[in-house]
Amino acid sequence: MSVMKKIILFILILCSAANIIAQEFKKAGTAGFVFLGIPVHARTAALGEASITLQDLNSAAIFINPAVLDFGTDEHSVAVSYSPWIADIKHYSAAYSFSTEFGRFAIGANVLDYGTFQRTVKSTGQRFFEIVGTYSANAVALYAGYAKRLTDKFSFGFNFKYVKESIDIYSASNVLFDGGMIYFTGFRNLRIAATVQNFGVDAKFINDSFRMPSVLRLGIADDFYLDNADTYRLTLLVEALHPGDNEERLNLGTEFSFIRLFQIRAGYKFFYDEESLSLGIGISPGVYLPVNLDFSWSDYGRLGNLMRFSLSMGI
């Protein structure tokens, strides 16, 4: 079977899975583990999350499109990210990937810390409440992924992740699957990508079951070099989303790079309730080790503005 036929078959499988999901989900807001929809890396957040076609995500690709992992040039790659989220919530992530002759393997963690809250009980015979201690709440996703570049133009990858949300003594958990591909068409640097994320069976919290936040993403991107020396590069990215628990959405992103040392980014999200414009910068100092520093700012409407910081390095 030729590579092109494999690509077509893979896309058909992804679309079939999305169609099954779409038939089951009829209402918005019916899925759990919604923290999995939060952008993990500052670069992707700045691009309006139009990011599954970025071929140089290195270890951070495990959160975005696992197929991109094997396009990394470093034998070992590490990425960490932090964001002060809404309502004093803290969002952390970390990923590590390494290359072998069989492909590239990766592990990662995505953590949302809701903080500590006061535990109260109603006082006997009164309308007041008494503080009797504290409790905490958090959400965690642990990733294990693999990617293989079959040719210089095509790669596939997948993740398995253990997901758990906890509040006090109660919790819900599940094992989910992500799958993705990326294909370089051969025309300029035009590439297409597709992913299915958060695919899994229903989970249960106490006595109530809920569905997974499955989403199909289709993306396309191209690079435009503004001079013959490749000093200035402009990347345009478009990504369409088909969430299982909401209406279709569209993400647009653009990145301007100067001699691979400094990047300016912007993105916009369409058909979202609050999210819209995002901006960001990236710096690659070019020291002894490949290091990238990224910062993003995102407008979440009535929820305020959110920032994210990321650090990536390779060996």
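Please treat every number below as a calculation from the coordinates, not as lab data. Because the structure is predicted, anything quoted here is derived from the model rather than measured. Please note: Cβ atoms are built from the backbone with ideal geometry, for glycine as well, and neighbour counts cover all protein chains shown.
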>> With angles folded into 0 to 90 degrees, how steeply does helix 3-24 sit against the dominant principal axis of the chain? Use alpha carbons for both and round to 10.
In response: 20
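Rg to Rh for the range 146-201: what is it, with Cα atoms only and Rh by Kirkwood?
On the way: Rg = 16.5 Å, Rh = 13.4 Å.
Result for the range 146-201 is an Rg/Rh of 1.23.
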>> As an exercise, identify the chymotrypsin sites (Phe, Trp or Tyr not before Pro) in the range 202-291 lying in DSSP coil whose Cβ has no more than 14 other Cβ atoms within 10 Å.
In response: Phe271, Tyr288
> For Tyr300, which sequence-distant residues (separation of 5 or more, or a different chain) have an amide H within less than 5 Å of its own amide H, given hydrogens modelled in the peptide plane?
Replying inline: Asn305, Leu306
> Within the chain, how many Lys pairs sit with Cα atoms under 19 Å apart, leaving out pairs fewer than 8 places apart on the same chain?
Replying inline: 9
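Restricting to Cα pairs below 8 Å that are 6+ residues apart, what does the relative contact order work out to for the range 3-314? Please round to a whole percent.
Numbers: 869 pairs, mean separation 60.7, N = 312.
Computed value for the range 3-314: 19 percent relative contact order.
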> Using the per-residue mean of other Cβ atoms lying within 10 Å as a proxy for protection, in what order, highest first, do the peptides 238-246, 94-102, 149-157 fall?
Replying inline: 238-246, 149-157, 94-102
> Three principal axis extents, largest first, for the C-alpha atoms of the range 3-314, in Å?
Replying inline: 81, 42, 38
>> Tell me which trypsin sites (Lys or Arg not before Pro) from the range 178-252 have a DSSP coil assignment and no more than 11 other beta carbons within 10 Å of their own.
In response: Arg188
> Modelled label-to-label distance, Glu247 and Phe117, 7 Å Cα→beta-carbon offset: nm?
Replying inline: 3.1
>> Using Cα springs under 10 Å in a Gaussian network model of the chain, which residue among Ala87, Ala139, Ala42 shows the largest mean-square fluctuation?
In response: Ala87
>> Counting other beta carbons within 10 Å of each residue's own, what order do Ser93, Ser278 fall into, fewest first?
In response: Ser93, Ser278
> Given the Cα-Cα distance of Glu130 and Leu277 and 0.36 nm per residue of separation, how much length would full extension add, in nm?
Replying inline: 48.6 nm
